[in-house]
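K.L.:
Before I ask anything, here is the structure I am working with.
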Amino acid sequence: MHLILHTQYYPPEIGAPQNRLSELATALSSSGFQVTVLTAMPNYPTGKIYPGFGGFIRQEHAQGVHIIRCAIYPTLSAAFLPRLFSYFSFVFSSLVAGLFCLPRADFLLTESPPLFLGISGWLLSRAKKARWIFNISDLWPASAAELGVIQKDSLSYRASRKLEEFLYKQAWLVTGQSKTILADISARLPGISCYHLSNGVQVSDYRTVNEPGSIGPEVNIAYAGLHGLAQGLDLVLHAASELQGAPVKFAMIGDGPEKADLMELSQKLGLHNIAFHPPIPKQQVPAVLAGADILLVPLKIQLTGAVPSKLYEAMAAGKPVILIAESEAAEIVRSAECGLVVRPGDCAGLVDAIQRLAHNPQERTRMGRNGRKAAEELYDRGMIGKKFAGFLTSAVEKDRALQQTPVRQARKSLER
């Protein structure tokens, strides 16, 4: 079986989609699939092509996966038009590179967002005679409207909605990283074939839960991830301002378009209990999370279907979570009893949650162990990838059996 993974984001870039997709590729490869990745020249989140990369096409091999990289117009701008131009530059380059460089395949899986990548994914799947899988990690344009990037009554929103529904209808299979995403799609377009390709974490990369310790002079609270619009990290800074005299210290690790503004806000608030750190390589994430007492997983508003990947990482690290979100992510935390849930925008609620966990090391330990157990049993990416490989293999075998049945029946009729 040969699967092409078509995505704008892939390592050596650092980020949630990059980690999730590279580990999916590894899991499929270890399950006997031949995997080819068609991706962009690495540029995220700096908005600049990484040193050592460039040109229109570049090919390489890593961890048993063939990687084809092609050109993209990189940008750090959060403005709509520059981002749109960046998206479509890869839509075009991946279509051209794919037509000339990709062999025929059994499956072609396209990652969305960006939604527009579905255009080239669909066309390439037809050219390569592949079953097209449209993987939805974030509902778009709904999430863009929820963030205020576009207006629901605008022409761009209506056109994007039409494109979204058209692409869903063309897909052999629509996969989604949350149950809420799939429920939304199924409600709008009954009859679409869907599969819950859950997000998760490579549990084996994380150490087992540490033994409980005392509060110590300070409780370390960490956030590691993108500093972007959707995270609403200004709420964390305002909570830190309320906790200036408490024995807690905040570490903000990562990069993104909002980081400069957040650092400026920290100075205006005169914060002495918060430190900003640069992004870290994927391999260092488990050790960094292990050094924290509490891990923050924030969202500015509740995006439909959003379950932050940082939640699974915190659970695998065996650390208590303070989740600033609602809906499915909140259900995961409450069901596993691995942390506390705060409504987006609720600064007082965030302060109360921090104080509760900061002064209760036994509760932190209990929640951390609960999270680790849930990660092992439900959200291990290796297990998720192998199940998906089995599903695809089984689906192909069923298709072949159905195609052969009329032929067999015809042969029997002729024999009679």
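K.L.:
Only one residue in Gly254, Gly228, Gly232 is in contact with an Asp or Glu (Cβ under 8 Å, 6 or more places away or on another chain) and of a type in the set (Gly, Ala, Ser), so which one is that? Full working, then the answer.
P.N.:
Numbers: Gly254 fails: in contact with an Asp or Glu (Cβ under 8 Å, 6 or more places away or on another chain); Gly232 fails: in contact with an Asp or Glu (Cβ under 8 Å, 6 or more places away or on another chain).
The match here is Gly228.
K.L.:
Given the conditions (1) more than 30 Å from Ala187 (Cα to Cα); (2) in a loop (DSSP other than H, G, I, E, B), which single one is not true for Gln355?
P.N.:
(2)
K.L.:
What are the residues in region 224-280 that are aromatic (Phe, Trp, Tyr) and out of contact with any Lys or Arg (no Cβ under 8 Å at 6 or more places or on another chain), if any? Walk me through how you get there before you give the answer.
P.N.:
Just the residues of region 224-280 that are aromatic (Phe, Trp, Tyr), to begin with: 250, 276.
Result: Phe250, single match.
K.L.:
For a quick check of your reading of the model, give me the residue pairs whose first member lies in region 363-376 and is without any contact (Cβ under 8 Å) to a residue 60 or more places away in the chain and assigned by TED's automatic domain parsing to the domain that holds Ala316, whose second is crowded, with 24+ Cβ neighbours inside 10 Å and part of a helix (DSSP H, G or I), with beta-carbon atoms closer than 8 Å and at least 6 apart or on different chains.
P.N.:
Gly371/Ala314; Gly371/Met315; Gly371/Ala316; Ala374/Met315; Ala374/Ile332
K.L.:
Given the conditions (1) more than 21 Å from Gly291 (Cβ to Cβ); (2) in a helix (DSSP H, G or I); (3) touching a residue at least 24 places away in the same chain (Cβ under 8 Å), which single one is not true for Gly345?
P.N.:
(2)
K.L.:
For the structure I just gave you, tell me whether Gly64 is on the phi > 0 side of the Ramachandran plot and out of contact with any helix residue (DSSP H, G or I) (no Cβ under 7 Å at 6 or more places or on another chain). Let's see the steps before the verdict.
P.N.:
Working: on the phi > 0 side of the Ramachandran plot: yes; out of contact with any helix residue (DSSP H, G or I) (no Cβ under 7 Å at 6 or more places or on another chain): no.
No, not satisfied.
Yes or no, residue by residue, for (1) surrounded by fewer than 19 Cβ atoms within 10 Å (Cβ to Cβ); (2) in contact with a helix residue (DSSP H, G or I) (Cβ under 6 Å, 6 or more places away or on another chain); (3) more than 30 Å from Thr365 (Cα to Cα):
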position	(1), (2), (3)
Pro103	yes, no, yes
Lys129	yes, no, yes
Thr175	no, no, yes
Ser186	yes, no, yes
Gly200	no, yes, no
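K.L.:
Would you point out which residue out of Gly270, Gly291 is touching a residue at least 40 places away in the same chain (Cβ under 8 Å), assigned by TED's automatic domain parsing to the domain that holds Gly245 and over 23 Å from the mean Cα position of the chain (by Cα)? Working first, answer last.
P.N.:
Values: Gly270 fails: touching a residue at least 40 places away in the same chain (Cβ under 8 Å).
When all the criteria are applied, what remains is Gly291.
K.L.:
I've got another one for you. Inside region 1-113, counting only strands (runs of 3 or more DSSP E) that do not spill past its ends, which hold 1 or more residues that are within 29 Å of Gln284 (Cα to Cα) and out of contact with any Gly (no Cβ under 9 Å at 6 or more places or on another chain)?
P.N.:
Details: elements: 2-6, 34-40, 57-62, 65-70, 107-112.
Counting at least 1 such residues, we get 2-6, 34-40, 57-62, 65-70.
The values are calculated or read from the model by the stated rules, or taken from the named source; none is laboratory data. The shown structure was predicted, so the numbers you read here are calculated from the model rather than taken from an experiment. Positions of Cβ are backbone-derived with ideal geometry, glycine not excepted, and every protein chain shown enters the neighbour counts.
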